[in-house]
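Report on the following structure.
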């Protein structure tokens, strides 16, 4: 019997899904809803493809009777209880790589927006003001960029930085001296990187050890007037500390594609109804960032290019097709950490 396959958190790509998966499936469901909202409709399905907003916990997984494969269309999989899934005999697959160059390119779009005052100039010209006052920028050539997390994305950022003629410091718990020599960068401890970098760009994974890795205790070590860029995870930075650093001239500007409370902002009405003090505080701080001229914020779109989205879907289909063929690729387990 052919499997039943559900794709949740999507409202498009019907043609691709039908072409790649349709002939092999008994039935296909496509829904923009999160998995927990439609689980009762698909509890006898064999395969589910989800995204990062679904909460695939024990409660949700226990409702499935025949689930054999979960494919998350993301690199991270902390929204899935992988341990419980494994105990149930459910395979979990992810998308290991899809947007390394994409995120790196967006990183430099944020950097250039700040170093050349692109956002300020645009807002000013919309008001028919073409004055140059306060718009003087600075060259990247000869400046030092500190890359925190020299993994797949971080290495692309380093390559681009070298193209601009920049010096590069990198902090990573896993060091590759050969790569450092080939690309021409130097590994550094985090404190030294913060002290000596004109621009700090974050590309570390988020976990308990990296939570608030930029915080109240160490943010004052940043080189005065530096820029901070975060296209990784919002909670790598303590928002209160970041605002303090901006107000006290330690940071001259911040470029963010992620916010510490971005999930809460997406669900603001629900969050407000809970009246959680921590929730409200985080929301207010993030809204304060939105109103600052020295902060450029984009809505988590660093990964969002046509090519990257295509790679996500191609890998998703590949994971499913391999599983149906008796193989497993891009499989994750509780012993493996997300990139």
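Being in contact (Cβ under 8 Å) with a residue 60 or more places away in the chain and over 18 Å from residue 51 (Cα atoms) is the filter; apply it to the range 312-328 and report the residue that is farthest from the chain's Cα centre (by Cα).
Kept after step one, since they are in contact (Cβ under 8 Å) with a residue 60 or more places away in the chain, are these residues of the range 312-328: 312-313, 315-317, 319-321, 323-324, 328.
This time we only want the ones that are over 18 Å from residue 51 (Cα atoms), so: 321, 323-324, 328.
Numbers: 321: 26, 323: 27, 324: 30, 328: 25 Å.
It comes out as 324.
Which members of the range 108-142 meet the condition of being surrounded by 18 or more Cβ atoms within 10 Å (Cβ to Cβ) and either touching a strand residue (DSSP E or B) at 6+ places or on another chain (Cβ under 8 Å) or in a loop (DSSP other than H, G, I, E, B) (or both)?
110, 111, 113, 114, 115, 117, 119, 140
Scan the range 25-36 for residues that are part of a strand (DSSP E or B) and either in contact (Cβ under 8 Å) with a residue 60 or more places away in the chain or farther than 16 Å from residue 323 by Cβ (or both) and jot them down. I'd like the intermediate steps shown before the answer.
Residues of the range 25-36 that are part of a strand (DSSP E or B), as a first pass: 27-31.
If the condition is that a residue be part of a strand (DSSP E or B) and either in contact (Cβ under 8 Å) with a residue 60 or more places away in the chain or farther than 16 Å from residue 323 by Cβ (or both), then 27, 29, 30, 31 are the ones that fit.
Among residues belonging to the range 37-61 that are touching a helix residue (DSSP H, G or I) at 6+ places or on another chain (Cβ under 7 Å) and part of a loop (DSSP other than H, G, I, E, B), point out the one that is surrounded by the most Cβ atoms within 10 Å (Cβ to Cβ). Give the steps one after another, and end with the answer.
Let us first name the residues in the range 37-61 that are touching a helix residue (DSSP H, G or I) at 6+ places or on another chain (Cβ under 7 Å), namely 39, 47-50, 54-56, 58, 60-61.
Okay, now just the ones that are also part of a loop (DSSP other than H, G, I, E, B), so 54-55.
Details: 54: 22, 55: 15.
Once the filter is applied, the top-ranked residue is 54.
Hey, among the residues in the range 294-314 that are loosely packed, with under 14 Cβ neighbours inside 10 Å and under 19 Å from residue 118 (Cβ atoms), which one's modelled with the lowest pLDDT?
Going through the qualifying residues, I end up with 299.
With more than 25 Å from residue 260 (Cβ to Cβ) and out of contact with any helix residue (DSSP H, G or I) (no Cβ under 9 Å at 6 or more places or on another chain) as the only criterion, which of 184, 134, 225, 165 stands out? Explain how you work it out, then say what you get.
Values: 184 fails: out of contact with any helix residue (DSSP H, G or I) (no Cβ under 9 Å at 6 or more places or on another chain); 134 fails: out of contact with any helix residue (DSSP H, G or I) (no Cβ under 9 Å at 6 or more places or on another chain); 225 fails: more than 25 Å from residue 260 (Cβ to Cβ).
When all the criteria are applied, what remains is 165.
Tell me the residue from 95, 145 that is within 30 Å of residue 324 (Cα to Cα) and either in contact with a helix residue (DSSP H, G or I) (Cβ under 6 Å, 6 or more places away or on another chain) or surrounded by fewer than 22 Cβ atoms within 10 Å (Cβ to Cβ) (or both), please. First the steps, then the outcome.
Numbers: 145 fails: within 30 Å of residue 324 (Cα to Cα).
On inspection, the qualifying residue turns out to be 95.
Output the residues belonging to the range 62-79 that are in contact with a helix residue (DSSP H, G or I) (Cβ under 6 Å, 6 or more places away or on another chain) and within 10 Å of residue 92 (Cβ to Cβ).
69, 71
What number of residues within the range 236-251 are free of Cβ contacts under 8 Å to residues at least 12 places away in the same chain and not in a helix (DSSP H, G or I)? Step through it out loud before you land on a result.
Residues of the range 236-251 that are free of Cβ contacts under 8 Å to residues at least 12 places away in the same chain, as a first pass: 247-248.
Add one more test, that the residue is not in a helix (DSSP H, G or I), and what stays is 248.
Residues in the range 236-251 being free of Cβ contacts under 8 Å to residues at least 12 places away in the same chain and not in a helix (DSSP H, G or I): 1 in total.
Looking at the range 216-253, which of its residues are under 20 Å from residue 150 (Cα atoms) and under 20 Å from the mean Cα position of the chain (by Cα)?
Correct list: 227, 228, 229, 230, 231, 232, 233, 234, 235, 236, 237.
Got a number for residues in the range 14-25 being in contact with a strand residue (DSSP E or B) (Cβ under 8 Å, 6 or more places away or on another chain) and either crowded, with 17+ Cβ neighbours inside 10 Å or modelled with pLDDT of 95 or more (or both)?
3
Tell me, please, whether a residue that is closer than 18 Å to residue 309 by Cα and either assigned by TED's automatic domain parsing to the domain that holds residue 321 or free of Cβ contacts under 8 Å to residues at least 60 places away in the same chain (or both) can be found in the range 86-94.
Taking the range 86-94 and keeping what is closer than 18 Å to residue 309 by Cα, we get 93-94.
Adding the requirement that they be either assigned by TED's automatic domain parsing to the domain that holds residue 321 or free of Cβ contacts under 8 Å to residues at least 60 places away in the same chain (or both) leaves 93-94.
So far as the range 86-94 goes, yes, one or more of its residues are closer than 18 Å to residue 309 by Cα and either assigned by TED's automatic domain parsing to the domain that holds residue 321 or free of Cβ contacts under 8 Å to residues at least 60 places away in the same chain (or both).
Select the helices (runs of 4 or more DSSP H) contained entirely in the range 151-235, then report the ones holding at least 2 residues which are within 26 Å of residue 297 (Cβ to Cβ) and touching a residue at least 24 places away in the same chain (Cβ under 8 Å).
Values: elements: 152-163, 177-183, 190-196.
Filter on the range 151-235 gives 152-163, 190-196.
If we scan the range 10-24, do we find a residue that is at positive phi and touching a residue at least 12 places away in the same chain (Cβ under 8 Å)?
yes
Looking only at the range 67-87, which residues are part of a loop (DSSP other than H, G, I, E, B), surrounded by fewer than 19 Cβ atoms within 10 Å (Cβ to Cβ) and modelled with pLDDT of 95 or more?
68
The values are calculated or read from the model by the stated rules, or taken from the named source; none is laboratory data. Everything numeric here is computed off the predicted structure, so don't read it as measured data. So basically every Cβ, Gly included, is an ideal-geometry build from the backbone, and we count neighbours across all protein chains shown.
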